[in-house]
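Report on the structure given below.
The values are calculated or read from the model by the stated rules, or taken from the named source; none is laboratory data. Just so it is clear, the structure is predicted and the values come from calculations on it, not from any experiment. Note: ideal-geometry Cβ built from the backbone for every residue, glycine included; neighbour counts use all protein chains shown.
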Amino acid sequence: MRAPAATLCHLSPVGRGDRARSVRSSFVAHAIAFVLAIAAPTSAQALPDDFIFLRDLDPSIQQDIRYAGVNNFVGRKLAGYDAAECVVKRSVGQALMKVQQELKAQNLSLKMLDCYRPVRASRDMVAWAQDGNETPAQKRYNPSFNKADLFRLGYIAERSGHSTGAAVDLTLVDLRASASPSFDPNRAYGNCISPEAQRAPEASVDMGTGYDCSDAKAWTASRAINAAQRRWRDILVTSMRKQGFVNYSKEWWHFSMPGVGTKAYDFPIKR
């Protein structure tokens with residue numbers, strides 16, 4: 001970009017060339033800075049206290065963060081889930097990487113369904129459970145009782161281990177399987193304990209129930225599942241246990257890592 005002619009005409013014959021070169025250099029420097037700024041990727045959210053985006057650590061681990069969309073028991077995005085990203089403490093992410101490496105040899109992958117959960121999201125769940133309005137989405141996930149019972153029975157709590165960054169919900173994906181149909185929010189699916197073909201598609205192996213299913217069939221050691229479903233659960237639990245994770249007995253998908261931390265956080269998830 002050239003300097004305006006009106007500016008140059010006031011320069012002395014001696015300084016005109018130097019001043020013009022200086023102006024041109026300034027314009028060039030600003031132009032380069034501008035190009036670099038728009039070409040660089042947007043910076044990720046600054047995370048506190050050794051939290052990380054799992055995608056930055058191991059992008060091969062699949063993610064379907066359910067509370068960032070409508071495919072969950074509430075039927076809408078929860079407070080604080082402003083991006084569908086798995087955020088965990090670094091030590092948890094490193095352990096998940098090791099699990100993923102072992103599973104790859106079996107043509108399997110982890111799929112993250114929930115990771116760090118802001119405290120405000122847990123409060124959002126509690127408020128939803130107590131508002132008295134039954135929803136079709138809720139009935140898919142809780143076929144045996146009303147949503148008001150979720151809090152009373154302990155399926156929803158005001159404080160969640162997810163808020164510490166040390167708990168995750170996840171499942172397995174068979175990398176050799178054909179693609180699953182996408183979730184259709186307008187379709188009437190069967191409830192979470194229905195046969196797999198009737199349940200909402202999850203693009204993962206059949207664990208015997210859908211994710212977040214509030215039913216005894218979702219208990220990890222349930223005998224109400226078939227041999228193939230039992231095998232998938234055993235593979236998941238065994239692989240996670242090797243890296244220090246502990247399974248919650250009433251949810252085949254929920255694992256935590258003891259000793260990582262107890263402080264609950266409430267920063268929103270952004271990307």
Which residue, of 226, 186, 247, is in contact with a helix residue (DSSP H, G or I) (Cβ under 6 Å, 6 or more places away or on another chain) and in the same structural domain as residue 110 (by TED's automatic domain parsing)? 247
Conditions first: (1) surrounded by 17 or more Cβ atoms within 10 Å (Cβ to Cβ); (2) over 12 Å from the mean Cα position of the chain (by Cα); (3) not hydrophobic (A, V, I, L, M, F, W, C). Residue 76 passes all but one, so which condition is the exception? (1)
Looking at 241, 230, can you tell me which residue is over 22 Å from the mean Cα position of the chain (by Cα) and either more than 30 Å from residue 79 (Cβ to Cβ) or assigned to a loop (DSSP other than H, G, I, E, B) (or both)? 230
Determine the pairs where a residue that is closer than 20 Å to residue 67 by Cβ, located within segment 138-151, has a partner that is part of a helix (DSSP H, G or I) and of a type in the set (S, T, N, Q) with Cβ atoms under 8 Å apart, the partner being 6 or more residues away or on another chain. 147/138
The listed residue being of a type outside the set (A, V, I, L, M), under 26 Å from residue 139 (Cβ atoms) and touching a His at 6+ places or on another chain (Cβ under 6 Å), out of 248, 189: 248
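Residue-by-condition table, conditions (1) at pLDDT 95 or above; (2) under 27 Å from residue 118 (Cα atoms); (3) in contact with a strand residue (DSSP E or B) (Cβ under 8 Å, 6 or more places away or on another chain); (4) surrounded by 18 or more Cβ atoms within 10 Å (Cβ to Cβ):
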residue	(1), (2), (3), (4)
188	no, no, no, no
226	yes, no, no, no
229	yes, no, no, yes
234	yes, no, no, no
238	yes, no, no, no
246	yes, yes, yes, no
259	no, yes, no, no
Within the bounds of segment 199-208, is there any residue that is of a type in the set (A, V, I, L, M, F, W, C), more than 17 Å from residue 232 (Cα to Cα) and assigned by TED's automatic domain parsing to the domain that holds residue 239? yes
Can you name the residue in segment 48-60 that is assigned to a loop (DSSP other than H, G, I, E, B) and touching a Gly at 6+ places or on another chain (Cβ under 9 Å) and is also modelled with the lowest pLDDT among such residues? 49
Just a yes or no: is a residue in segment 237-249 under 18 Å from residue 192 (Cα atoms) and basic (Lys, Arg)? no
Residue tally, condition over 19 Å from the mean Cα position of the chain (by Cα) and either charged (D, E, K, R) or at pLDDT 95 or above (or both), over segment 142-172: 4
